[in-house]
1. One residue is enough: does the range 120-129 have a residue meeting the conditions aromatic (Phe, Trp, Tyr), buried (at least 17 other Cβ atoms within 10 Å of the Cβ) and on the phi > 0 side of the Ramachandran plot?
2. Consider only pairs whose beta carbons are under 6 Å apart and that are at least six residues apart or on different chains; among these, list those whose first residue lies in the range 262-281 and is closer than 12 Å to ARG44 by Cβ and of a type in the set (D, E, K, R) and whose second residue is part of a strand (DSSP E or B) and modelled with pLDDT under 90.
3. Would you confirm, using the coordinates I've provided, whether ARG71 is out of contact with any Cys (no Cβ under 7 Å at 6 or more places or on another chain), under 30 Å from GLN276 (Cβ atoms) and surrounded by fewer than 16 Cβ atoms within 10 Å (Cβ to Cβ)?
4. Please go through the range 132-156 and pick out each residue that is closer than 20 Å to ASN86 by Cα and of a type in the set (A, V, I, L, M).
5. Could you list, ordered by first residue, the pairs with Cβ atoms under 6 Å in which the first is in the range 149-162 and in contact (Cβ under 8 Å) with a residue 12 or more places away in the chain and assigned to a strand (DSSP E or B) and the second is loosely packed, with under 14 Cβ neighbours inside 10 Å and among the polar types (S, T, N, Q), at least 6 apart or interchain?
6. Return the pair list, or none, for Cβ contacts closer than 7 Å from residues in the range 220-236 that are surrounded by 11 or more Cβ atoms within 10 Å (Cβ to Cβ) to residues that are outside any strand (DSSP E or B) and modelled with pLDDT under 90, at least 6 apart or on different chains.
Amino acid sequence: MMTKGKGFTLLELVVVMVIIGVLATVAAQFIAGPTQAYLAVARRAQISDIADVSIRRLARELRLALPNSVRVGGANRFLEFIPTVNGGRYRTESGDLLDFTQADTSFDYLGPSLAAGSGQSVVVFNTGQRSTSGCALAPSGADAYEGCNRSAVTSITSSTVTMAARKFPFDSPGHRFHLVPASGPVTLACENIGTSNGDGSGTLRIYSNYATGSGDWGASAPATAPTGTNRSSNVLADNVSACSFSYLPGVTASNGIVTLRLAITRGNETVTLHHQVHIDNVP
């Protein structure tokens, strides 16, 4: 004789489901806290790393700035400078000397051999002082942006720099010269700064290759993003909620201080970094 097996009643099934739901809720409460804390720590670490890497790269770029070429514009949102690629000292006692009395096309230099890079210009004694009536009339300027003390390099050997004819207005007390890219200055730009839905809405960009090569590169720092047919642009950081630059030339002409402020915001979490970079302004 067969007996009918017993199953779960509907009431029992409901009770079991309620118990499982209560246990799941309690377990979720224990898991949610540590999980949210882990995600928050990971998010802070990520945005801290973005801000730190950006600041470090900016500092590295600025340490290679041509003396007296740093300038800030656009309500402290744009910082422009002329990068250097190399430099040295020109001979003053023997060999092919740099002539400051007339246009010269070559000079011998001291020290290790310089790389024969293409698209470079030589700058001598950059003080940042523009001319009053143009480069051809005295007193001539010593501002590489204007170009009175800048000449395009045609070749570099182990001992000699050859360049386009240029009468440099001033002899450097330390007999220094710098090599800069013929493509001109670069600009660091804080753009669209603010927050939206808990995230930073701005970007920190670096613009380059917007100058015309020869000629005047501008009398003042840009107040808007640079333009130009060959202009290149690279994003250094996104989710930027605050960004500014300031430049203090210093008590003496031999140094300056650039202060960078950058804040990155993601998921209502903000990391703010302040950094100061020493600028060597000895021309």
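1. Taking every residue of the range 120-129 in turn, at least one turns out to be aromatic (Phe, Trp, Tyr), buried (at least 17 other Cβ atoms within 10 Å of the Cβ) and on the phi > 0 side of the Ramachandran plot.
2. Once the first residue is closer than 12 Å to ARG44 by Cβ and of a type in the set (D, E, K, R) and sits in the range 262-281, no partner that is part of a strand (DSSP E or B) and modelled with pLDDT under 90 comes close enough.
3. no
4. Matches in the range 132-156: ALA142, ALA144, ALA152, VAL153, ILE156.
5. Correct list of pairs: THR162/THR154; THR162/SER155.
6. From residues that are surrounded by 11 or more Cβ atoms within 10 Å (Cβ to Cβ), the pairs are LEU236/SER54; LEU236/ARG57.
One line per residue, one yes/no per condition, for (1) among the hydroxyl-bearing types (Ser, Thr, Tyr); (2) surrounded by fewer than 19 Cβ atoms within 10 Å (Cβ to Cβ); (3) within 22 Å of GLY119 (Cβ to Cβ):
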{"residue": "LEU179", "(1), (2), (3)": "no, no, yes"}
{"residue": "ASN197", "(1), (2), (3)": "no, yes, no"}
{"residue": "ILE257", "(1), (2), (3)": "no, yes, no"}
{"residue": "ASN281", "(1), (2), (3)": "no, no, no"}
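The values are calculated or read from the model by the stated rules, or taken from the named source; none is laboratory data. Source: prediction; values computed, not measured. Glycine gets a Cβ as well: all are built from the backbone with ideal geometry, and neighbour counts include every protein chain shown.
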